[in-house]
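The values are calculated or read from the model by the stated rules, or taken from the named source; none is laboratory data. Here the structure is a predicted model, which is why all the values come from computation and not from measurement. A quick note on method: Cβ atoms are made from the backbone with ideal geometry, for glycine too, and the neighbour counts reach across all protein chains shown. Heads up: the accessible areas ignore ligands, DNA and RNA and are worked out on the full protein's heavy atoms, side chains in. Shrake-Rupley method; radii C 1.70, N 1.55, O 1.52, S 1.80 Å.
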Protein chains: 2
Amino acid sequence: MSKSKDNELVFLPLGGSNEIGMNLNAYGYGPADNRQWVVVDVGVTFGDNSTPGVDVIVPDPTYLEGEDILGIVLTHAHEDHIGALGWLWPRIKAPLYATPFTAFLIREKLRDAGLLDRVTLHEVPLGGTIDLGPFQIEMVTITHSIAEPNGLAIKTPLGTVLHTGDWKIDNDPIVGERTDVDTIKRLGDEGVLAMVCDSTNVFQEGVAGSEGDVKTALAELIGGLKGRVAVGCFASNVARMDSVIRAAEAAGRRVVLAGRSMHRITAAAKSVGMLSDLQPFLSEEQAKHWPADEILYLCTGSQGESRAALSRVAEGNHPFIKLGPGDHCIFSSRVIPGNELAIGRLQDTLSDRGVRIYTDKDHPGIHVSGHPCREELREMYRWARPKIAVPTHGMRRHLAEHAQLAKDMQVPEAVTPRNGDMVRLAPGPAAIIDEVPSGRLFVDGGMLVEEAGEALRERRHAASNGVLIVSFAMDKRGKIVSDIDVRGLGLPGDEDSPLGDILDTLAERVEQVVRGLKGDALEDEMVVEQAVARALKKASQSVWDRRPIVETIILRL
Amino acid sequence: MSKSKDNELVFLPLGGSNEIGMNLNAYGYGPADNRQWVVVDVGVTFGDNSTPGVDVIVPDPTYLEGEDILGIVLTHAHEDHIGALGWLWPRIKAPLYATPFTAFLIREKLRDAGLLDRVTLHEVPLGGTIDLGPFQIEMVTITHSIAEPNGLAIKTPLGTVLHTGDWKIDNDPIVGERTDVDTIKRLGDEGVLAMVCDSTNVFQEGVAGSEGDVKTALAELIGGLKGRVAVGCFASNVARMDSVIRAAEAAGRRVVLAGRSMHRITAAAKSVGMLSDLQPFLSEEQAKHWPADEILYLCTGSQGESRAALSRVAEGNHPFIKLGPGDHCIFSSRVIPGNELAIGRLQDTLSDRGVRIYTDKDHPGIHVSGHPCREELREMYRWARPKIAVPTHGMRRHLAEHAQLAKDMQVPEAVTPRNGDMVRLAPGPAAIIDEVPSGRLFVDGGMLVEEAGEALRERRHAASNGVLIVSFAMDKRGKIVSDIDVRGLGLPGDEDSPLGDILDTLAERVEQVVRGLKGDALEDEMVVEQAVARALKKASQSVWDRRPIVETIILRL
């Protein structure tokens, strides 16, 4: 690929363009061999049952290491936008820029990672600007499901990019301002070269709905209930917390925060003047003997997370909160894909205790999404009128559908890069001009490791197939001089074939195999190991119809 | 609990009443110490990522072993109703009763399990009757998402139970008859003591919808497409297969079956005269060079199963079927909870190849559920007018909601047993009179093992935490006389701390620990092992912040 010596404006997603989550975007300006960069968002995604032992996954920033990064701008405080800072900042060191609520939570994250003293974090006011070399960045207030969400207008000598961040159009966002439509229209009038835009809900017709409507629905629902009420929601949705708290107050209920992130986000919200003019919260201890009709628990764990408040309540393990017949649990939250079974189990366990469950399926209106549906996307294209549409924040399917929608809105060009695809936005027509290393790094045992790394591969293999360990000592001539110790991990036995008997038989088999080897072979560790391993694999196949990991440990005396 | 000496009619769910799937129901008649039983359905449920190495889960039949079981009636051929026969029949030996299509598939299952010669399988005609001691059973034709679904009218001297099986009301079921409303109404007129009824869709208002409407929707959709068309659906839904095949024929497309169960079910369907008067299928090989506009693939794998046809097509690994830009994939299927991510990945991978995806979300009407929604449940209660409602086939939440719906329909009594709860239906008011052993058995390494068994527990632990193995030889006085071999399975290293270095350090630590032990302790294997394991666990915690399984193998010479 020929490298341009002229100034170019490029967009490089390293996360967020093959998935929903783990956002890491970079904008580069300059000639190919001397670009200056601005990074937008440094987020995580979360592991699941298919990645045992791996809870956190981050984008691979290798390409940006050593590049001239002028700054890292964080659009908002969701984990998929700021969660990887503690892991990746040491590799892409640059000053951080964020609005106050986001900055509060970033500071916590840096403190946990021991980075607070090393990182410069600039607090930018809402609607403020950041000057970074060729990049003039304007924070554009939008609405989303968190306090202080921002889009970015990134102005360069080659044109302006509108990076929407996560957004929807909420005309009654409860906390914070409405989407700054005037600014977006003004940017459109001035000319938007490219819009890099949220694709999450591109398969949903209509609009996402307003926090104001949720507030009304929650107030109505909670107002009509007797007995204890628990509400599960994302703590980061300060508007939702505000709505629940006010619904509780109107219903004569005191609010108890249950779960660490409820306290964490409350502190962040209060630091920027939100959640003020409210009755003080009751502590969990105080609430223990409070009248049932006068209490409301605001709980973490709406995704069925096993250690969060709601699961502990459901399992009867919560030290202070008990729910039972006549009580209520409202899920004012969405189901994150992959969490369906865990949430189902949580709701079922609560239901089994006699707790009545409310979700947005049976009570539409108690939750709305924070991402734009198709009608909102169309509206945004009408306002911004970009020359190039760059769908992001979606799986491939979402990006393709979003590109189609943009074309239907008469956007002249659309490009749907994968993570690692470098998109030239200007000069000339938009095009993918390079493919750089990209991927996911897994946080495994406190280390950042390759996605396809050996350790997880082995753990997965062990999870499905178990481990067979054989150890014995040999003298120099290849005579076995100890017991043959055969152990199974994760391998079953039953009444007909107790595990002990199976392992004894395998030990005999090992002895046979070794006895069957001739002089030279016995002196070569590798040969003995391989013969033993081969025999045990074969035997396992016939006993368990599976191939465990076989570890052969021969101690040579 | 006092045991009645009078004749009683009891209902005992051993599966299906804490979950959707794994149905095993028993009806008992007689005094407490001398009951005769009829078993209805013997189904499986499937493992998931939380049960690595366990694909199949069956109900624990222990309580019924050795009881006087007169017969096992299978209502229909879905795996959650017949799938456990191969595993459990040897424990609850009794003659089987099923209608012809179901019997065909049961025979295959028994053949696979090597049981065909040992089991008596009676084929019962649709609407036929079975006389089993005090139980007079009438097969009641219903509609569902499979060929030949049956409810059971179980008549006893103490009253009639209507066991609905899985059902919905479909007035245009495409294959088979409509729900036999006359019979159900007649049973209602004669008096239904109890109705044991499907709860799957109790949270859905309205009705499930008809296969006839799906047929129209699919014909319209497929009729308008150019390029290759693949349709993913459950093979067992013969009506759906019929609709797809006829839509293909109308659009001038030849049909190719892709996936083993498509062939299996087609054979079963043809054996009972279904799927007749159709053009012969093309083989995959024949279709390879067929014109794109004249082909339709009917595929397994709509749940994202990695080895099924659709996944292999998506990954580009299918030997004969290739899809690309301009081609289409229609998901005429539901999303089974737990499969969301796998299905999402499958659809995304296909989309990434340029294949257009159609699901019932964006194209309502191309799939309907096979289970009754609330309006259908109400209708059934109006027809059958049972004295007792016994919701089944649902999680606790579903059963509770269903009991409430039954009460709203003025059913005098409702009881929601858990698996293992024995419900007395007569005489006297319905009540749970006993709790018998119940649970789930896991098929693990070809053996039936306890759900909470050691093997799976170890594999799960290994999956999240890895395994550390240390082995060395000691002489009789406790002197280490070999190398200390330390190995990690599933434990990572990184650039700063390569795994080899970590393991070397751990080996040194083991040597220190052993050297630190005094004479007596050195002679006691257990003491040495525990000291070493303790030290390695502690060290692992500080290196990886986790607690691997530690296997300490000391070979005493």
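Between this copy and the others, label points of residue B:212 are 4.7 nm apart in ascending order, each placed 7 angstrom from Cα in the Cβ direction.
For the stretch B:295-312, putting each phi into the Karplus relation 6.51 cos²θ - 1.76 cosθ + 1.60 with θ = phi - 60° gives couplings of 9, 9, 9, 9, 10, 7, x, 5, 8, x, 4, 5, 9, 7, 4, 4, 5, 5 Hz, in residue order, rounded to whole numbers and with x for Gly and Pro. The distance linking the stretch B:487-517 with the stretch A:289-328 is 43 Å (Cα centroid to Cα centroid, whole angstrom). Note on B:356-362: average number of Cβ atoms from other chains within 10 Å of each residue's Cβ is 2. Neighbouring Cβ atoms from other chains, within 10 Å of the Cβ of residues in A:270-276, number 0 on average. Legend: mean number of C-beta atoms from other chains within 10 angstrom of residue C-beta atoms, peptide A:364-377, equals 0.
The lysines whose alpha-carbon is closer than 30 Å to the alpha-carbon of residue A:538, local same-chain residues fewer than 8 away aside, are A:476, A:479, A:518, B:109. In chain B, the DSSP beta bridges split such that about 55 percent are antiparallel, to the nearest 5.
How much accessible area is lost when chains A and B come together, counting both sides, with a 1.4 Å probe, in Å² rounded to the nearest 100?
5200 Å²
Taking every DSSP bridge with both residues inside the stretch B:436-493, close to 100 percent are antiparallel. Relative to the longest principal axis of the Cα atoms of chain B, helix B:260-271 runs at roughly 30 degrees. Between this copy and the others, label points of residue A:278 are 5.9 nm apart in ascending order, each placed 7 angstrom from Cα in the Cβ direction.
For the stretch A:155-301, the calculated P(r), taken from all Cα-Cα distances in 5 Å bins from zero up to the bin holding the longest distance, is 2, 8, 15, 17, 16, 12, 9, 8, 5, 4, 2, 1, 0 percent. Solvent-free Debye calculation, one equal scatterer per alpha-carbon of the protein assembly as shown: log10 I(q)/I(0) at 0.04, 0.05, 0.08 Å⁻¹ equals -0.25, -0.39, -1.03. Taking the 0 to 90 degree range and rounding to the nearest ten, how far is the long axis of helix B:340-352 tilted relative to the main principal axis of chain B, both from C-alpha atoms? Orientation of helix B:340-352: about 90 degrees from the principal axis.
What FRET efficiency comes out for the pair residue B:537/residue A:270, r = Cβ-Cβ distance, R0 = 56 Å, nearest 0.05?
0.85
Taking the chain by itself as reference, the stretch B:457-477 contains these residues with an accessible-area loss of 40 Å² or more in the full protein complex (1.4 Å probe, heavy atoms): B:458, B:459, B:463, B:469. Remark on residue A:170: its backbone amide H falls under 5 Å from those of A:143, A:179, a criterion applied only to residues 5 or more positions apart or on other chains, H modelled at 1.01 Å from N.
For the stretch B:454-556, the direction-averaged projected area of the alpha-carbon convex hull comes to 6.5 nm². Here the spin labels are modelled as points 7 Å beyond Cα on the Cα-Cβ line, and at residue A:375 and residue B:556 they lie 7.9 nm apart. Contact-buried residues of the stretch A:16-59, at a threshold of 20 Å² lost accessible area versus the chain by itself: A:48, A:49, A:50, A:52, A:53 (1.4 Å probe; DNA, RNA and ligands ignored). Taking amide hydrogens as placed 1.01 Å from N in the peptide plane, the amide H of residue A:546 sits under 5 Å from those of A:541, each at least 5 positions away in sequence or on another chain.
Between the stretch A:359-438 and the stretch B:237-251, the alpha-carbon centres lie 36 Å apart.
Size of the stretch A:276-360 from its Cα atoms: along the principal axes, largest to smallest, the extents are 36, 30, 22 Å. The aspartates and glutamates within cross-link reach of residue A:3, meaning a Cα-to-Cα straight distance under 16 Å and a gap of 8 or more places when in the same chain, are A:33, A:421, A:434, A:435. DSSP assigns beta bridges within the protein assembly as shown; of those with both partners inside it, close to 55 percent run antiparallel. Here the protein assembly as shown is treated with +1 on each Lys and Arg Cβ and -1 on each Asp and Glu Cβ, and its dipole about the Cα centre works out to around 40 debye. The spacing between the stretch A:169-234 and the stretch B:124-142, judged by their C-alpha centroids, is 57 Å. The share of C-alpha pairs in chain B whose separation exceeds 32 Å stands at 54 percent. In the full protein context, chain B carries 39 Å² of accessible surface per residue, based on a 1.4 Å probe and ignoring ligands, DNA and RNA. Taking a threshold of 24 Å on the Cα-Cα distance, which of the pairs B:226/B:288; B:155/B:387; B:361/B:407 fall above it? The pairs that break the limit, which is 24 Å between Cα atoms, are B:361/B:407.
Against the longest alpha carbon principal axis of chain A, how many degrees, from 0 to 90 and to the nearest 10, is the axis of helix A:100-112 turned? The helix A:100-112 is inclined about 20 degrees to chain A. Excluding same-chain neighbours fewer than eight residues apart, the aspartates and glutamates reachable from residue A:215 by a Cα-Cα span under 15 Å are A:170, A:172, A:242, A:249, A:360.
Note on the stretch A:233-373: with neighbouring protein chains present and a 1.4 Å probe, carbon and sulfur make up 51 percent of its accessible heavy-atom surface.
Normalise the Debye intensity by I(0) for the stretch A:87-203, one equal point scatterer per Cα, no solvent, then take log10 at q = 0.23 Å⁻¹ and round to two decimals. Computed log10 I(q)/I(0) values: -1.34. Restricting the calculation to Cα atoms, every distinct pair contributes to the Kirkwood radius of the stretch A:3-67, found to be 13.2 Å. Within the stretch B:1-33, list the residues whose amide N lies under 11 Å from a label point set 7 Å along Cα→Cβ of residue B:434. Flagged as within label range: B:1-5, B:8, B:10-12, B:28-33.
Hey, any idea what % of the stretch B:454-556's accessible area is carbon plus sulfur with a 1.4 Å probe?
Solvent-exposed carbon and sulfur of the stretch B:454-556 make up 45 percent of the total.
Counting from the shortest, the label point at residue A:382, 7 Å from Cα toward Cβ, is 4.5 nm from the same position in each remaining copy.
Scanning residues 5 or more positions from residue A:127 or on other chains, those with amide H under 5 Å from its amide H are A:139, A:141, with H placed 1.01 Å from N in the peptide plane.
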